[in-house]
Every structure is written in C-alpha cells, then in structure tokens.
C-alpha cells in the first residue's frame with residue numbers, strides 16, 4: 001500500500017488492487033447512457049493532466065466512476081459534475097476535503113455509497129466535483145420542473 005497525506009487525511013491505498021477491480025468491473029460513466037453521463041464520458045477526457053495523474057496514482061481511471069451526478073450549469077457554459085470512486089485501502093483520521101489539481105474539489109470518505117458486494121476490503125471513497133464543458137452535439141436536456149409532493153397535495 002502507498003501512503004500519502006491529503007489536507008488533514010492520511011490515506012493508505014492499494015492502487016494495484018483498485019486498478020485491477022476497475023479494469024475487471026468498471027464501466028465508463030458508471031454504465032449510464034443518459035445525455036449527461038455520455039457528456040461526462042466525453043468531457044472528462046479534457047481534464048488537466050495533473051488531475052488525471054493524481055487519480056491514476058490512486059489506481060483510478062477517471063472515466064470509470066461508480067456513480068456520476070450532473071448538478072446543473074456552471075460558469076461559462078460548463079456543467080457541474082460530481083463523481084465518486086471506491087478505493088482499496090484505509091482512510092486514517094476523519095473524512096476530509098480539499099482542492100486538488102486544476103480546481104477539482106475532492107472529499108475522502110470512510111463510508112462507501114453503492115459499494116458492490118465484490119469490492120475488495122478494506123475500502124473508502126473519494127468524491128470528485130469538477131466543471132466540464134458540454135461536448136455533445138445535442139443540446140443540454142431540460143430538467144422538467146416538478147412540484148413537490150406537498151405542493152401537489154395542497155387544497
């Protein structure tokens with residue numbers, strides 16, 4: 001295992017075991033085919049080499065998160081995304097966050113969301129928030145406005 005410090009965290013990661021898992025089971029954009037996730041798959045190729053290298057040192061392929069969430073418009077026509085990845089290893093101390101290469105926000109978490117049963121343990125999670133351009137030829141899908149259940153049930 002490789003150990004390093006990120007902000008206030010001590011992270012121990014088995015990059016080879018993490019990489020082996022994602023090589024065998026990981027899917028581009030978490031396997032989703034919606035327009036937002038297809039755009040993530042295309043646009044994530046444009047991230048700065050320093051960010052890609054940082055994640056690669058952890059054993060992660062930036063194209064293969066466990067989950068991708070599109071969070072809406074960002075500055076200059078970009079889209080805000082959050083993706084999370086599981087890593088084989090240990091997070092020492094408490095959850096922590098900070099800015100990594102090229103302005104991407106990262107949070108290391110002890111708890112893992114949507115952890116597959118066959119993911120090697122011990123493990124932890126990293127959430128990566130970043131702004132990406134819209135690269136698809138199709139327009140950005142409109143999010144339908146929805147009323148809350150409270151609004152729908154008002155008399």
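Spread over its residues, the convex hull of the C-alpha atoms of the chain is 148 Å³ per residue. Orientation-averaged projection of the stretch 1-92 equals 6.5 nm² [convex hull of Cα atoms, one quarter of hull surface area]. Under a no-solvent Debye model with one identical scatterer per Cα of the stretch 16-70, what's log10 I(q)/I(0) at q = 0.22 Å⁻¹? Listed by q, the Debye log ratios stand at -0.83. Remark: the residue 110-residue 23 segment gains 29.0 nm on full extension, using 0.36 nm per residue and subtracting the alpha carbon distance. The peptide list 14-24, 129-139, put in order of mean Cβ contacts within 10 Å with the highest first, becomes 14-24, 129-139. Protection proxy ranking, highest mean first, for peptides 61-70, 82-91, 29-38: 82-91, 61-70, 29-38, where packing is the per-residue count of other beta-carbon atoms within 10 Å, averaged.
Take residue 139, project a point 7 Å from its Cα along the Cβ direction, then tell me which residues of the stretch 21-65 have their backbone nitrogen under 20 Å from it. Within reach of a label on residue 139: 34-40.
Read-outs: derived from the displayed coordinates by stated rules, not from any lab. Keep in mind that this is a model prediction, so the values were computed, not measured. Positions of Cβ are backbone-derived with ideal geometry, glycine not excepted, and every protein chain shown enters the neighbour counts.
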